[in-house]
Amino acid sequence: MSKKRSRLEVIHDILEAIKRKNKIIKPTHIMYKSNLSHKMMQSYLKELLEKDLIKEINDSGKGKTFSLTQKGIEYLDQYKKMIGFMDSFGLY
Amino acid sequence: MVHFNPLPSWILNYTLFSEIAFAIITFAVCLYSFKIYKLSGEKKSQLFGFAFLFISINYFLQSFLTLAALFKLEQNICSLMKIQDLQMLTLYGIYSHLFFFIIGLITLVYMTLNIKSIKTYILILAISIVSILFSSNKIYIYYVLASILLIYISFYYLMNYTKNKQIKTLLVLIAFLFLLFGNIHFIFSINHQVYYLIGHFLEFIAYLLILLNLFLVSRK
């Protein structure tokens, strides 16, 4: 059985899913790609919007979609450093 | 670090340099932890950041007092703080050191316990602070208590290393072991300057290792 993902890893998986979909993605895709329940995904999306890591785009043709902000791109760049820090200081 | 007897100026110079270095290193660790907390919301990062913030405040205060001792500024500080007695200033300095360092270590221990209970945290804190305040020899009790906490933290990092065998985890484990050995040396330093110097040297190596780890992590 795989170990429970940390918040850092879940956020990374969501942002990575958005990045792989050319930085624009529908909520259902986020749910599948990041392996989250609907409830959990809603909670994470709300938090990521508040933290300005993603932004919501309301396109009448595509419905509700999400894209990465500059801060979100920076998060992905910094992810390995953050994981390294947390690993070394036992913050899991 | 705590010292009762007047120390030679070269020791004060060395102490001042090392305390400023410790304050900066621990503050850098604190800032990095808060940065991770801000991005991820990981509670452990926040607690770790607070632990290092308290430790950093302790070293900033200590370096300020060492600076005052080095440049014989105690009288000026006393009049500025409206303190009559010079010994009171030393006492305030010692208590602030004990207070912030112990809070820092307890916050670190609380983080490793993986529990969400502010009551537990306050209880551990209250027991520790009260046992120091009401003991006849506060400094000894403080060092013994800090050593116990550091033994526990070192054990946690030993477990962390066995789970995740990397250079970074090994560096952190060795750093906390050096902090523990340094702290044990400080127990004997109250009457012996040699132990004081050894304790400081061990502490210096510990923080250098933490700095090295921070460098390795952030250069990726």
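The values are calculated or read from the model by the stated rules, or taken from the named source; none is laboratory data. This structure is a prediction, so every number in the text was calculated from the model and none was measured. Don't worry about glycine lacking a Cβ; one is built from the backbone with ideal geometry, like all the others, and counts go over all protein chains shown. These area figures cover heavy atoms from the full protein model, side chains too; ligands, DNA and RNA do not enter into them. Shrake-Rupley method; radii C 1.70, N 1.55, O 1.52, S 1.80 Å.
Suppose a student asked you for the relative contact order of chain B, using Cα pairs under 8 Å spaced at least 6 residues apart; what percent would you report? Let's see the in-between values first.
Numbers: 229 pairs, mean separation 38.4, N = 220.
About 17 percent, as a whole number.
Per the Debye formula on identical point scatterers at the alpha carbon atoms of the protein assembly as shown, with no solvent, log10 I(q)/I(0) at q = 0.10 Å⁻¹ is -0.65. Compared with the dominant Cα axis of chain B, that is its longest principal axis, helix B:118-133 is turned about 30°.
At a probe of 1.4 Å, how much accessible area disappears from chains B and A on forming the pair, both sides counted, to the nearest 100 Å²? So the buried area, both faces added, is about 2100 Å².
The C-alpha atoms of chain A define a longest principal axis, and helix A:7-20 lies at about 40 degrees to it.
The order of the peptides B:16-25, A:72-81 by mean Cβ neighbours within 10 Å, most packed first, is B:16-25, A:72-81. Against chain B, whose longest principal axis is taken from its Cα atoms, helix B:9-40 shows a tilt of about 30°.
The accessible surface of the range B:9-218, taken with every protein chain in place and a 1.4 Å probe, is 75 percent carbon and sulfur.
Each Lys and Arg adds +1 at its Cβ and each Asp and Glu adds -1 at its Cβ; summed about the Cα centre, the protein assembly as shown shows a dipole of about 1640 debye.
Using a ≥ b ≥ c from the Cα gyration tensor of chain B (square roots of the eigenvalues), is it rounded, prolate or oblate, where a/c under 1.5 gives rounded and otherwise the larger of a/b and b/c decides, a/b for prolate? Prolate is the answer for chain B, as a/c is 1.5 or above and a/b outweighs b/c.
Taking the highest mean first, how do the peptides B:127-139, B:41-53 order by number of other beta carbon atoms within 10 angstrom per residue?
Ranked from most to least packed, the peptides come out as B:41-53, B:127-139.
Phi-derived couplings, Karplus 6.51 cos²θ - 1.76 cosθ + 1.60 at θ = phi - 60°, listed residue by residue for the range B:138-146: 4, 5, 4, 4, 4, 5, 5, 4, 4 Hz, with x used for Gly and Pro.
If only the Cβ of Lys and Arg carry +1 and only the Cβ of Asp and Glu carry -1, the dipole of chain B around its Cα centre is close to 900 debye. About its Cα centre, the dipole of chain A is roughly 280 debye, where the only charges are +1 on Lys and Arg Cβ and -1 on Asp and Glu Cβ. In plain terms, the C-alpha convex hull of the range B:91-220 casts an average shadow of 9.0 nm² when viewed from every direction. Inter-label distance, B:ILE129 to A:LYS19: 4.4 nm, where each label sits 7 Å from its Cα along the C-beta direction. Taking every C-alpha pair closer than 8 Å and separated by at least 6 residues, the mean separation divided by the residue count of the range B:102-213 gives a relative contact order of 22 percent.
Taking the mean number of other Cβ atoms within 10 Å as a proxy for protection, how do you rank B:193-201, B:27-35 from highest to lowest? Let's see the in-between values first.
Details: B:193-201: 16.8, B:27-35: 19.1.
Highest-to-lowest ranking by the protection proxy: B:27-35, B:193-201.
With a threshold of 29 Å on the Cα-Cα distance, the over-threshold entries among A:LYS19/A:LYS39; A:LYS55/B:LYS168; A:LYS39/B:LYS44; A:LYS26/B:LYS116 are A:LYS55/B:LYS168; A:LYS26/B:LYS116. Working from label points 7 Å from Cα in the Cα-to-Cβ sense, the B:ILE187 to B:LYS38 distance is 4.1 nm. Close amide-amide hydrogen proximity is noted between A:ILE57 and A:THR65, A:PHE66, A:SER67, each under 5 Å apart and 5 or more residues distant or on a separate chain (H modeled in the peptide plane; Pro and chain starts excluded).
Counting only heavy atoms of protein chains, what accessible area per residue, in Å², does the range B:9-218 have with a probe of 1.4 Å? Before the final figure, lay out the partial values.
On the way: 10240 Å² over 210 residues.
Per-residue value: 49 Å².
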